Amino acid sequence: MARINQGGAPMASPEHDSGQLPHFVRSFGWGVVAWLPVIILLVAWEVVARSGTVTPFMLPTLTRVFERMGSELVSGELPIAVGLTLWRALAGFVIAAVLGIALGLAMARNRFFYWFFDPIISVGFPIPKIAFLPILVLWLGFFDLSKITMIAFNTIFPVVTATIVGVYSVEKEIIWSARNLGTSERGMLWEILLPAAMPQIFTGLQVALPIALIVGVLTEMAMGGYGVGGSMQTASRMADSLGVFAGIFEIAVVGYVMVKLMAMLRRHLLRWHQESQEPTTV
Amino acid sequence: MRSGPAFAAGLFRYLPIVFLLLLWHMASTFHLVSTAVLPPLSSVLSSGYDLVSTAEFWDNTGSSMYRGGMGLLLAIVIGGALGIAMAWWKPIRYVSSPLVEIFYPLPKSALIPITALWLGFGDASKILLIFLGCMLPVTIGAFNGARGAEQTLIWSARSLGASRWRTLLDVVVPSALPELLNGARTALALSFILLVSSEMIVARKGLGYLIGFLGDGGNYDAMFAVVLVVAALGFFADRVYLAFARRVLRWRE
Amino acid sequence: MRLWKTLLGAALALPLTLGAALAQTPVKIRIAWVVPVANSPTILYEKPDILKFKGKSYDIELIRFQGTPPMITALAAGEVDVALLAYSSLALAIQNAGMEDLRVIADEAQEGVDGYYTSPFMVLKDGPINTVADIKGKVIATVGQGSAVDIAMRAYLKKNGLEDKRDYSSVEGAFPNMRALLTEKKADLISVVLPFSINPELVEKGKTLFTVKDSLGKSEFIVWVAKDGFLQKNKAAVTDFMEDSIRSLKYLMDPKNRAELLQTAARVSKLPEAAFSGWIYTNKDLYRDPDMLPDVEALQRSIDIQQSLGLLKNKMDISKYVDVSMTQAAAKRLK
């Protein structure tokens with residue numbers, strides 16, 4: 001789809017001001033500006049950590065945290081921990097996404113499903129699910145199965161609510177005209193509703209993915225074993241704050257990459273939609 | 001006069017919850033779960049009754065609601081404004097997105113040692129964590145919603161001479177509303193989870209404090225009673241919010 | 001409308017309470033705890049008429065923590081003044097967190113004292129394990145690697161030639177869930193403490209394979225710690241605080257006041273009195289020194305075992321980190 005001329009587009013702004021500069025200079029310049037707050041934060045961290053107002057236990061210097069990550073990388077601990085956490089988070093996320101979209105569609109199209117699940121969603125979404133962890137452990141054991149189930153259990157709710165909102169916001173005219181053209185209920189679902197609701201569904205997935213990662217880490221912290229959360233828990237028990245901060249950085253990097261990839265996927269899948277005329281960030 | 005049928009309709013509507021509770025009851029009667037980890041519903045309800053009849057319990061609830069409410073309010077106001085601003089002004093998008101994207105996937109409770117450095121362990125650090133955790137669903141919703149605004153509507157508004165601000169308020173914000181409101185619904189639910197998890201780690205009072213210490217003391221009857229109270233409050237808040245959101249959306253049309 | 005009024009009220013009350021706090025003379029002692037009742041500070045300061053100095057020279061504030069790690073952070077950040085630490089956490093806080101200024105000020109509970117309770121490690125009565133050697137190839141449940149009871153368990157298994165990962169595997173569970181892990185056969189050996197160890201179902205289905213005493217002998221299990229800076233600055237107030245604490249402990253330990261002890265324990269924990277009546281502050285409970293003086297030798301021995309298991313990097317002389325002068329002075333005043 002061609003990019004529409006931005007001559008009169010209100011979205012336009014900085015690009016025009018620096019229109020004379022070559023593209024890579026502009027993008028590099030914005031790259032620096034974009035990361036400026038993050039850089040300031042990191043510099044402030046280093047300054048506070050070196051100032052002596054806090055102990056290295058409370059706030060270790062970034063250099064030492066990075067050194068620690070480096071040595072964990074070399075020893076192979078880091079890739080294993082990150083890999084395991086990522087696998088659990090993604091497995092839980094995919095299960096939640098598939099079931100969540102299916103349930104959301106069913107609820108939006110079927111009165112019985114709506115009646116049955118609407119109050120359950122309202123009560124299940126805000127409930128602190130960590131209280132049910134011992135039950136999951138007894139049922140499903142100590143390993144991946146219970147952790148992934150916990151992740152999916154937490155992640156499914158935003159997907160369901162977003163799917164319902166998505167389907168409801170499909171314009172009635174589109175549905176009527178499709179029906180008048182003789183589209184079957186099945187065809188309606190696959191060819192009309194799902195694509196039209198996709199932007200909202202994707203918003204739900206974008207919200208759900210980081211939740212999957214967070215719950216993954218917290219579950220690992222609560223249950224021990226391997227993974228970033230497990231390593232952080234062991235480190236914090238050993239009063240090894242370097243290990244804890246290394247874990248926080250690992251999750252930050254992994255989380256950032258996941259959020260970014262999700263936004264790119266959104267842009268790719270929603271090429272046809274309004275919003276894709278501009279690069280998707282958040 | 002109409003209260004009879006209305007009551008019946010309400011009962012019917014929320015019947016699935018009764019079904020869930022029945023499931024719980026059966027789980028312990030037929031020993032599907034060890035009562036050591038999930039006590040029978042009847043004993044949870046009776047210790048819940050004892051609990052809610054103490055003033056101390058409502059004191060705990062009050063302080064949790066204050067923390068959760070403040071965090072959520074900040075998240076909706078700041079998160080919503082940020083999302084729309086990010087869709088509308090590129091510099092804001094550039095400057096805020098990496099920060100937002102890095103903070104969102106972090107487990108907020110893991111940040112407690114850091115926030116404790118300058119905010120201590122009181123209300124402020126808990127409100128901050130709830131705010132951080134609840135902000136992004138609102139921001140993403142507002143951002144994606146605002147960007148989904150029909151370009152043709154924006155152009156026609158602009159060509160009719162509407163200022164950028166007017167276009168923002170009359171075209172972009174209304175079109176961002178459904179997603180923004182759904183983001184706020186997610187934030188509302190998350191705020192309950194976050195307030196419990198932040199109060200569980202360090203606290204002097206609050207519902208998370210109760211859950212934490214009752215659980216550690218092995219008093220699962222009372223702990224699940226508090227979990228039920230949180231669920232009930234969350235449920236009630238969600239229903240009220242949904243009614244509110246529906247009204248806002250109808251008004252928009 | 002109500003909400004706004006409450007919020008407004010809270011906002012207005014804030015400077016008032018702050019002002020009141022500043023005007024008060026007593027030293028505020030913030031105490032960190034984890035488990036109600038078992039951590040004595042949760043029940044020691046409930047009876048105003050035996051606390052001579054509370055509200056005068058000192059006052060207390062109880063803060064609950066989920067386990068020891070956040071407690072160490074809070075101590076380091078100066079957010080709490082007195083914390084209850086197991087010997088293992090104490091050593092880690094000093095060595096790994098570099099908290100050279102930590103001082104042991106009092107005893108909370110000791111394990112393995114003759115004639116008193118010691119925490120058991122249990123297996124199923126009719127299960128496959130009858131001797132320690134049978135643990136080979138089995139699953140053990142621990143509350144967390146490197147914790148005080150975990151060290152006792154590992155040390156005992158090691159003494160019997162069993163190593164983690166090579167000879168057995170370990171999983172984690174919280175004390176309240178241990179019973180279910182054993183009875184549902186998710187773990188073959190569990191680690192339990194009071195009051196979970198005397199649960200009727202567990203007593204019926206489980207049996208003790210060995211105990212903390214078997215492993216560590218007599219050990220100073222949990223101690224009160226504070227930072228040296230705080231102690232030096234508030235010597236008089238801390239002495240008063242310890243005097244009240246010792247007086248209150250003796251009062252609650254006195255069989256004459258048993259009914260009151262049980263009432264307090266039930267009120268604080270929200271459990272029935274029956275949950276405590278069989279053991280609390282009797283010889284079926286862990287030993288607590290009536291003068292709250294820690295056994296430094298026993299403390300040293302436990303920390304040496306921790307180090308020998310590789311759970312502490314270097315050897316450590318714990319006596320450098322003990323300052324019981326205020327507790328001793330307080331105990332003397334009560335004589």
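None of the figures in this text is laboratory data; all of them are computed from the coordinates on show. These numbers come from a predicted model, not from an experiment. Note that each Cβ is placed from the backbone with ideal geometry, even for glycine, and that neighbours are counted across all protein chains shown.
If you take the charge dipole of chain B about its Cα centre, with +1 on Lys and Arg Cβ and -1 on Asp and Glu Cβ, which of B:69, B:137, B:124 is farthest toward its positive end?
Of the options given, the answer is B:137.
So if I place +1 on the C-beta of Lys and Arg and -1 on the C-beta of Asp and Glu, and nothing else carries charge, what would the dipole magnitude of region C:120-216 be about its Cα centre? I want it in debye, nearest 20.
Values: 14 positive and 12 negative charges, 32 e Å.
Charge dipole of region C:120-216: 160 debye, to the nearest 20.
Using θ = phi - 60° and the Karplus relation 6.51 cos²θ - 1.76 cosθ + 1.60, list the HN-Hα couplings for region B:215-231 in order, rounded to whole Hz, with x at every Gly or Pro.
Per-residue couplings from phi come out as x, 5, x, x, 8, 5, 4, 6, 4, 5, 4, 5, 4, 5, 5, 4, 4 Hz.
Per residue of chain C, what 222 nm ellipticity follows from adding -39500 (n - 2.57) for every DSSP H run with n ≥ 4, rounded to the nearest 500? Please report the intermediate quantities before stating the final value.
Numbers: 14 runs with 140 residues, N = 335.
Here the helix-only value at 222 nm equals -12500 deg cm²/dmol.
Could you work out the relative contact order of chain C? I mean the mean sequence separation of Cα pairs under 8 Å and 6+ apart, divided by the number of residues, in percent.
Values: 554 pairs, mean separation 86.5, N = 335.
Here the relative contact order equals 26 percent.
Which order results if C:80, C:193 are arranged by neighbouring Cβ count within 10 Å, fewest first?
Values: C:80 27, C:193 20.
With the sparsest Cβ surroundings first, the list reads C:193, C:80.
Label points 7 Å out from Cα along the Cβ direction at residue B:27 and residue C:320: separation in nm?
Using points 7 Å along Cα→Cβ, the separation is 5.2 nm.
Along the positive direction of the dipole of chain A (beta-carbon charges: Lys, Arg +1; Asp, Glu -1; about the Cα centre), which of A:264, A:130, A:175 reaches farthest?
Positive-most Cα among the choices belongs to A:175.
At q = 0.09, 0.12, 0.15 Å⁻¹, what log₁₀ I(q)/I(0) does chain C have when each alpha carbon counts as one equal point scatterer in the Debye sum?
Result of the Debye calculation: -0.52, -0.89, -1.28.
Report ³J(HN,Hα) in whole Hz for each residue of region B:18-31, in order, from the Karplus equation J = 6.51 cos²θ - 1.76 cosθ + 1.60 where θ = phi - 60°; Gly and Pro get x.
3J(HN,Hα) across region B:18-31, in whole Hz: 4, 4, 4, 4, 4, 4, 4, 4, 5, 4, 7, 5, 9, 6.
If you rank B:26, C:253 by fewest surrounding Cβ atoms within 10 Å, what's the result?
Details: B:26 11, C:253 16.
Ranked by crowding around the Cβ, least crowded first: B:26, C:253.
Which lysines have a Cα lying under 18 Å from the Cα of residue A:129, excluding residues fewer than 8 positions away in the same chain?
Partners found: A:147, B:108.
With each pseudo-label sitting 7 Å past Cα toward Cβ, what's the residue B:8-residue A:177 distance in nm, one decimal?
Calculated label separation equals 4.4 nm.
Return the calculated 222 nm mean residue ellipticity for chain B, to the nearest 500 deg cm²/dmol, obtained by summing -39500 (n - 2.57) across DSSP H runs with n ≥ 4 and dividing by the residue count. Each step should come with its number before you reach the end.
Numbers: 12 runs with 204 residues, N = 253.
Only helices count here, giving -27000 deg cm²/dmol.
With a ≥ b ≥ c the root eigenvalues of the C-alpha gyration tensor of the protein assembly as shown, is it rounded (a/c under 1.5), prolate (a/b larger than b/c) or oblate? Walk me through the numbers before you get to the answer.
Numbers: a/c = 1.83, a/b = 1.64, b/c = 1.11.
Cα axes put the protein assembly as shown in the prolate bin.
Rounded to the nearest 20 debye, what is the charge dipole size of region C:22-114 about its Cα centre when +1 sits on each Lys and Arg Cβ and -1 on each Asp and Glu Cβ? Don't skip to the answer; put the middle values down first.
Values: 8 positive and 12 negative charges, 76 e Å.
I would put it at about 360 debye.
When only Cα pairs under 8 Å and 6 or more residues apart are kept, what is the percent relative contact order across region B:72-252? Please report the intermediate quantities before stating the final value.
Details: 205 pairs, mean separation 42.3, N = 181.
It comes to 23 percent, rounded to a whole number.
From the residues B:176, C:93, B:31, which one has its Cα farthest along the dipole of the protein assembly as shown in the positive direction, the dipole being from +1 and -1 charges on Cβ of Lys/Arg and Asp/Glu about the Cα centre?
Among B:176, C:93, B:31, the one farthest towards the positive end of the dipole of the protein assembly as shown is B:176.
So which aspartates and glutamates pass the test for residue C:56, namely a Cα distance under 12 Å, with those fewer than 8 places away in the same chain ruled out?
Within the straight-line cut-off, residue C:56 pairs with C:240, C:244.
Can you list residues from other chains, or at least 5 along the same chain, whose modelled amide H is less than 5 Å from the amide H of residue C:107?
So residue C:107 has HN proximity to C:224, C:293.
Amide H neighbours of residue C:28 under 5 Å, at least 5 residues apart or on other chains, H built in the peptide plane: list them.
Under 5 Å from the amide H of residue C:28: C:59.
Need one word for chain B: rounded, prolate or oblate. Basis is the Cα gyration tensor (sqrt eigenvalues a ≥ b ≥ c); a/c below 1.5 gives rounded, then a/b vs b/c decides. It would help to have the intermediate numbers written out before the result.
On the way: a/c = 2.74, a/b = 1.55, b/c = 1.77.
Here chain B falls in the oblate category.
Tell me, what is the percent relative contact order of chain A, built from C-alpha pairs under 8 Å that lie six or more residues apart?
About 22 percent, as a whole number.
Which pairs break 21 Å Cα to Cα here: C:52/C:250; C:159/C:205; C:165/C:315; C:136/C:207?
As for pairs spanning more than 21 Å Cα to Cα, those are C:159/C:205; C:165/C:315.
Hey, which of these cross-link pairs are over 21 Å Cα-Cα: C:158/C:213; C:125/C:270; C:28/C:332?
Too far apart for the 21 Å limit: C:125/C:270; C:28/C:332.
Exposure proxy check: A:43, C:82 ranked by fewest other beta carbons within 10 Å?
On the way: A:43 11, C:82 23.
Exposure proxy ranking, most exposed first: A:43, C:82.
Mind putting a number on the dipole of the protein assembly as shown about its Cα centre? Charges go on the C-beta only, +1 for Lys and Arg and -1 for Asp and Glu, and I need it in Debye to the nearest 20. Walk me through the numbers before you get to the answer.
Working: 80 positive and 70 negative charges, 349 e Å.
Dipole size: approximately 1680 debye.
Rounded, prolate or oblate: which fits chain A, taking a ≥ b ≥ c as square roots of the Cα gyration tensor eigenvalues, rounded meaning a/c under 1.5, else prolate when a/b beats b/c?
On the way: a/c = 2.83, a/b = 1.24, b/c = 2.28.
Here chain A falls in the oblate category.
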